[in-house]
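Contents: one structure, followed by commentary.
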Amino acid sequence: MNYDLIVIGSGPGGYVAAIRASQLGLKTAIVERENLGGICLNWGCIPTKALLKSAQVFEYLNHAAEYGIKVNGVEADFGAVIKRSRDVADGMSKGVQFLLKKNKIDVIVGTGKLKAGKKVEVTADGKSTVYEAENIILALGARSRQLPNLPQDGKKVIGYREAMSLSKMPKSMVVVGSGAIGSEFAYFYATMGTKVTLIEFLPSLVPVEDDEVSKQLERSFKKIGISVICNASVESVDTKGSVCKVSVKTAKGNETVECDVVLSAVGIQANLEGVGLEEVGIATDKGKILTNPFYKTNIEGVFAIGDCIGGQALAHVSSAEGIICVEKIAGHNPEPLDYNNIPGCTYCQPEIASVGYTEKAAKEKGYEIKVGKFPFSASGKASASGAKEGFVKLIFDAKYGELLGAHMIGANVTEMIAEIVAIRKLETTSHELIKTVHPHPTMSEAIMEAAAAAYGEVIHM
């Protein structure tokens with residue numbers, strides 16, 4: 001059982017790497033212990049977006065009168081919403097299975113463990129088989145991070161996985177952590193009718209985002225009834241009674257929040273245990289595998305990509321890393337990934353999308369900057385759509401006109417950010433962007449208008 005490449009893990013890093021390897025003529029196998037597509041397709045990116053779409057439809061129906069439509073008796077079937085999400089995930093997993101078969105990739109079901117001498121031991125149903133490969137890629141992924149003072153029992157204190165498959169909708173929920181996962185679930189459950197309290201340790205929501213985006217999201221969340229507590233830490237959770245009693249330490253003192261369920265959304269940790277890293281001697285640091293810019297570890301023939309290495313823990317980052325890694329293995333000369341030009345998206349409503357430096361980070365880097373901001377309240381398409389919340393904010397280097405960063409919050413902005421990523425990749429200047437004709441009426445006009453605003457040329461504001 002010899003291969004040119006064995007990939008351990010079939011998430012968006014692993015399966016993409018395997019397919020690209022097959023395209024390049026490498027005899028490839030992929031090892032998966034659970035479901036093809038990994039966490040992203042089965043318990044992450046895809047099923048959460050299905051849940052969020054259901055919430056958005058429910059929200060539309062509840063506000064149909066604002067669009068001149070009369071709708072009576074709107075009711076959410078929580079079980080059906082969860083089932084739709086699971087069906088979407090199952091369909092995507094089957095799609096990955098088809099792609100792997102189409103590309104003649106062997107799927108080895110079981111738990112993979114790295115062995116010395118470029119070998120992988122796969123265990124399934126108590127039986128182990130050893131495979132050999134010239135190259136091995138570790139695409140191990142990650143799981144919900146557990147805090148000592150917030151242990152997850154899967155029932156009253158849950159992680160993202162349980163949050164996607166609850167049997168009934170809780171009447172109240174505390175969400176701990178306001179990153180993408182926490183904010184998306186806070187929006188989903190609040191929109192479906194759960195009383196949600198969102199607790200963030202840092203001073204603002206979605207703390208990796210630009211300060212103005214964070215402030216807008218907090219306003220939008222409060223508008224739909226989410227209670228927001230920032231600069232706060234969860235000290236403990238008492239789950240003995242019929243409700244959870246969450247002890248929260250805030251700047252004003254301690255308080256107790258009662259709820260049916262606590263969702264811990266405090267980040268993720270890489271799956272490094274039990275895969276043979278120590279035995280083989282793979283170097284790690286702070287819970288991540290160390291690699292060079294082309295994802296080679298310190299052991300010859302062993303590579304690592306995705307959430308188990310440094311860099312942003314995002315599906316599209318994992319896929320890009322997988323492609324670069326495989327192309328390097330195959331003797332090509334790919335460019336290293338530019339981690340400062342990676343788009344980040346949060347799919348609550350309003351959506352958030354960003355890339356590059358925040359205004360604060362650009363100033364800290366010593367740039368002299370020009371900032372342009374265009375509110376969707378001034379957009380014709382946003383007004384027609386009933387989605388006037390939010391804005392586009394662009395940050396330029398005053399000296400050369402380089403687009404240093406973009407920060408958007410509003411409807412459909414996750415579909416707009418790719419333009420900015422391409423602009424930055426192509427080193428397009430501010431004035432070229434201003435003169436790029438955008439279609440009217442669209443939300444994307446706000447990008448052109450924000451660029452114009454930075455240089456005193458904005459028309460519609």
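The values are calculated or read from the model by the stated rules, or taken from the named source; none is laboratory data. This one's a predicted model, so the numbers in the text were calculated from it and none came from an experiment. Here the Cβ positions follow ideal geometry from the backbone for every residue, glycine too, while neighbour counts run over all protein chains shown. Side chains included, ligands, DNA and RNA excluded: accessible areas come from the protein's heavy atoms. Shrake-Rupley method; radii C 1.70, N 1.55, O 1.52, S 1.80 Å.
Averaged over residues, the count of other Cβ atoms within 10 Å places the peptides 419-426, 198-205 in the sequence 198-205, 419-426, highest first. Dividing the Cα radius of gyration of the stretch 108-148 by its Kirkwood radius returns 1.10 for Rg/Rh. Taking 0.36 nm per residue of sequence separation and removing the Cα-Cα distance, the D77/Y339 pair yields an extension gain of 90.2 nm. Other residues with beta-carbon under 11 Å from the beta-carbon of G310 carry, at +1 per Lys or Arg and -1 per Asp or Glu, a net charge of -1.
Return, ordered by residue number, the residues of the stretch 87-117 whose backbone nitrogen is under 15 Å from a label point located 7 Å along Cα→Cβ of T129. Hits in the stretch 87-117 for T129 at 15 Å: 105-113. Charged neighbours of G410, selected by a Cβ distance under 9 Å, balance to -1 (K, R count +1; D, E count -1). Under 5 Å from the amide H of T284 lie the amide H atoms of L290, each residue being 5 or more positions distant or on a separate chain, with H modelled from the backbone and absent for Pro and chain starts. Close amide-amide hydrogen proximity is noted between G405 and Y357, I395, each under 5 Å apart and 5 or more residues distant or on a separate chain (H modeled in the peptide plane; Pro and chain starts excluded). Using only side-chain charges placed at the Cβ, +1 for Lys and Arg and -1 for Asp and Glu, the dipole size of the chain relative to its Cα centre rounds to 780 debye. The residues of the chain expose on average 47 square angstrom of accessible surface per residue, using a 1.4 Å probe on protein heavy atoms. Taking only the alpha carbons of the chain, we obtain Rg and Dmax values of 23.5, 69 Å in that order. Computed from label points 7 Å out along Cα-Cβ, the spacing between K70 and E273 is 6.0 nm.
A cut-off under 13 angstrom between Cβ atoms defines the neighbours of P47, and their net charge, with Lys, Arg +1 and Asp, Glu -1, is +2.
Within the chain, C230, C244, C259, C308, C325, C345, C348 have no other Cys Cβ under 4.7 Å of their Cβ and so lack a disulfide-compatible partner by this rule. Roughly speaking, to the nearest percent, how much of the chain's 1.4 Å accessible area is carbon and sulfur? Whole-percent figure for carbon plus sulfur exposure: 52.
Amide H to amide H, with H built 1.01 Å from N, E235 comes under 5 Å of S247, V248, K249, counting only residues 5 or more places away or on other chains.
Placing +1 on the Cβ of every Lys and Arg and -1 on the Cβ of every Asp and Glu, with no other charges, gives the stretch 1-160 a dipole of roughly 240 debye about its Cα centre. Extension gain, R86 to K102: 0.36 nm times the residue separation minus the Cα-Cα distance gives 3.3 nm. Each peptide in 62-72, 295-305 was scored by the mean count of other Cβ atoms within 10 Å over its residues; highest first, the order is 295-305, 62-72.
Using only side-chain charges placed at the Cβ, +1 for Lys and Arg and -1 for Asp and Glu, the dipole size of the stretch 273-384 relative to its Cα centre rounds to 660 debye. Where a ≥ b ≥ c are the square roots of the eigenvalues of the C-alpha gyration tensor, would you call the stretch 323-430 rounded, which needs a/c under 1.5, or, failing that, prolate if a/b is larger than b/c, or oblate? Here the stretch 323-430 falls in the oblate category.
Taking a span of 15 Å or more along the helix axis (Cα atoms) and a mean Kyte-Doolittle hydropathy of at least 1.0 as the rule, no DSSP H helix of the chain qualifies. Here, the stretch 1-84 is characterised by an Rg to Rh ratio of 1.29, where Rg is the alpha-carbon radius of gyration and Rh the Kirkwood radius.
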